[in-house]
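Chemist: Next up is a structure, given as structure tokens.
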Amino acid sequence: MKLLFLGLLLAGQALAQYPTKPVRLVVGFAPSGAADFVARTLQEPMQRALGQPLVIDNRPGAGSSIAAEHVAKSPADGYTLLIASPSSILVNPLISPRAGFDPVRDLAPVTKVTSSPLVVAVNPSLGVGTLRELITYLKRNPGKLNFASSGNGSAPHLAAVLFQRLAGVEMVHVPYKGGAPAVQSVLAGDTQLSFATPPSVLPLVQAGRLKALAVTSRNRTPLVPGVPGMAEAGLAAYEISFWYGLFVPSGTPAEAVRKLYAAANRALEASETGKTLAREGTETSGSGSPEEFASFLAEDAKLWARLVKDAGVKPD
């Protein structure tokens, strides 16, 4: 009995002192993509709040499922954190279920951190200047354009699939291991367009190396100035948005989750965080609590499940 009491006492003291070593933030995509950008924007203010280093660990592959499963199977001690999008948590399990792994069951939500529309970006050599011109080109040349995405079942992939269905056009999907290599393929001309996350594409749009035709919100947004929303661009029935959130392995002590949540929200409240994200077309979007984020996920899951079903997305 004394040993049990001593063990519980020591465990409680360890949680009270948490964190006592660096925390690892796992990113399921390659460096320089949107997830990596958001993670590195949060890195400095979060580690100040935690009092320990926050180490970025890029583990790309399988539409971020590799990273998600890695975190889910890591010790539930608060020292392994995942930054993930709807693709990782809600979409991949529907398209490519993995035996013994369910993100909703095996990962615990901490907080949403950002939200943004996607950007329809094309290689300027394609010669289209508006979304209407792109649709016209695609109707005249079905199946002749390649679109890049950050992986099968990723939000950029599903956004393009939804576009094809609503516009009545056909394109060829070319998946990559992250937003950065996908956008680089558009630059190189290996693919011709992408429904890309703002951080991965806006600097290239601003430099004139890619052309932004529209954002995937219904209306224009100050996050991406000068670019029309879908209603103005000619596809009023279309709307889709994109978020990132933080997760830990299920079973992580509540005190560790609370401290990670507090650190993330302090990072989101820092004025420099909002400014940095806004420059890349993304805005802070924290949750009121881990429980509120869990409720949001339950509702958002219905949207993505319907989109996957309606679009008929299949595994590669």
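Chemist: Within the stretch 231-245, take every residue that is open to solvent by 40 Å² or more (accessible area, probe 1.4 Å) and not aliphatic (A, V, I, L, M) and give me the one that is modelled with the highest pLDDT.
Modeler: So, considering only residues that are open to solvent by 40 Å² or more (accessible area, probe 1.4 Å) and not aliphatic (A, V, I, L, M), the one modelled with the highest pLDDT is Glu232.
Chemist: Another question about this same structure. How many of the residues in the stretch 143-155 are in contact (Cβ under 8 Å) with a residue 60 or more places away in the chain and open to solvent by 10 Å² or more (accessible area, probe 1.4 Å)?
Modeler: Going through the stretch 143-155 one residue at a time, the tally reaches 2.
Chemist: Among the residues of the stretch 90-142, count how many are open to solvent by less than 40 Å² (accessible area, probe 1.4 Å) and aromatic (Phe, Trp, Tyr).
Modeler: 1
Chemist: Let me ask another. Which residues, counting only those in the stretch 232-257, are in contact with a helix residue (DSSP H, G or I) (Cβ under 8 Å, 6 or more places away or on another chain) and within 23 Å of Arg24 (Cα to Cα)?
Modeler: Across the stretch 232-257, the qualifying residues are Trp243, Tyr244, Gly245, Leu246, Phe247, Val248, Pro249, Ser250, Pro253, Glu255, Ala256, Val257.
Residue-wise test of (1) modelled with pLDDT under 90; (2) within 27 Å of Ala16 (Cβ to Cβ); (3) of a type in the set (Lys, Arg).
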site: Ala62; (1), (2), (3): yes, no, no
site: Ala72; (1), (2), (3): no, yes, no
site: Ile89; (1), (2), (3): no, no, no
site: Ala108; (1), (2), (3): no, yes, no
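Chemist: Give the stretch 265-288 a look and list any residue that's among the hydroxyl-bearing types (Ser, Thr, Tyr) and free of Cβ contacts under 8 Å to residues at least 60 places away in the same chain, or say none.
Modeler: The one that is among the hydroxyl-bearing types (Ser, Thr, Tyr) and free of Cβ contacts under 8 Å to residues at least 60 places away in the same chain: Ser271.
Chemist: OK, next. Which of (1) over 23 Å from Ser64 (Cα atoms); (2) open to solvent by less than 70 Å² (accessible area, probe 1.4 Å) is the odd one out, the single condition Gly286 does not satisfy?
Modeler: With (1) over 23 Å from Ser64 (Cα atoms); (2) open to solvent by less than 70 Å² (accessible area, probe 1.4 Å) applied to Gly286, the lone miss is (1).
Chemist: Being farther than 18 Å from Thr114 by Cα, in contact with a Phe, Trp or Tyr (Cβ under 9 Å, 6 or more places away or on another chain) and open to solvent by 10 Å² or more (accessible area, probe 1.4 Å) is true for just one of Pro253, Pro228. Which residue is that?
Modeler: Answer to the selection: Pro253.
Chemist: When you check Ala30 against the structure, is it part of a loop (DSSP other than H, G, I, E, B), surrounded by fewer than 20 Cβ atoms within 10 Å (Cβ to Cβ) and either touching a Lys or Arg at 6+ places or on another chain (Cβ under 7 Å) or modelled with pLDDT of 95 or more (or both), yes or no?
Modeler: No.
Chemist: List the pairs whose first member sits in the stretch 246-264 and is more than 15 Å from Gly286 (Cβ to Cβ), whose second member is of a type in the set (Asp, Glu), and whose Cβ atoms are under 8 Å apart, counting only residues at least 6 apart or on separate chains?
Modeler: Pro249/Asp106; Ser250/Asp106; Thr252/Asp77; Pro253/Asp77; Ala256/Asp77
Chemist: Hey, can you tell me all the residues within the stretch 161-189 that are within 20 Å of Pro60 (Cβ to Cβ) and either in a helix (DSSP H, G or I) or out of contact with any strand residue (DSSP E or B) (no Cβ under 7 Å at 6 or more places or on another chain) (or both)?
Modeler: Answer for the stretch 161-189, where residues must be within 20 Å of Pro60 (Cβ to Cβ) and either in a helix (DSSP H, G or I) or out of contact with any strand residue (DSSP E or B) (no Cβ under 7 Å at 6 or more places or on another chain) (or both): Lys177, Gly178, Gly179, Ala180, Pro181, Ala182, Val183, Gln184, Ser185, Val186, Leu187, Ala188.
Chemist: Residues being in contact with a Lys or Arg (Cβ under 8 Å, 6 or more places away or on another chain) and under 19 Å from His173 (Cβ atoms): count how many of those fall in the stretch 95-125.
Modeler: 4
Chemist: If I ask for residues that are farther than 23 Å from Val91 by Cβ and assigned to a helix (DSSP H, G or I), which ones from the stretch 138-160 would you list?
Modeler: Correct list: Leu138, Lys139, Arg140.
Chemist: Additional query: Looking at Val215, Val201, can you tell me which residue is open to solvent by less than 70 Å² (accessible area, probe 1.4 Å), at pLDDT 95 or above and either over 26 Å from Pro181 (Cα atoms) or under 21 Å from the mean Cα position of the chain (by Cα) (or both)?
Modeler: When all the criteria are applied, what remains is Val215.
Chemist: Out of the residues in the stretch 175-198 meeting the condition of being open to solvent by 20 Å² or more (accessible area, probe 1.4 Å) and modelled with pLDDT of 95 or more, tell me which one is nearest to Thr130 (Cα to Cα).
Modeler: Gln192
Chemist: Out of the residues in the stretch 246-293 that are β-branched (Val, Ile, Thr) and part of a loop (DSSP other than H, G, I, E, B), which is modelled with the highest pLDDT?
Modeler: The residue in question is Thr252.
The values are calculated or read from the model by the stated rules, or taken from the named source; none is laboratory data. Keep in mind it's a predicted model, so treat the numbers as computed, not measured. Quick reminder, even Gly has a Cβ in these numbers, built from the backbone with ideal geometry, and neighbours come from all protein chains shown. Ligands, DNA and RNA are stripped out before the accessible areas are found, and what is left, the full protein with its side chains, is counted by its heavy atoms. Shrake-Rupley method; radii C 1.70, N 1.55, O 1.52, S 1.80 Å.
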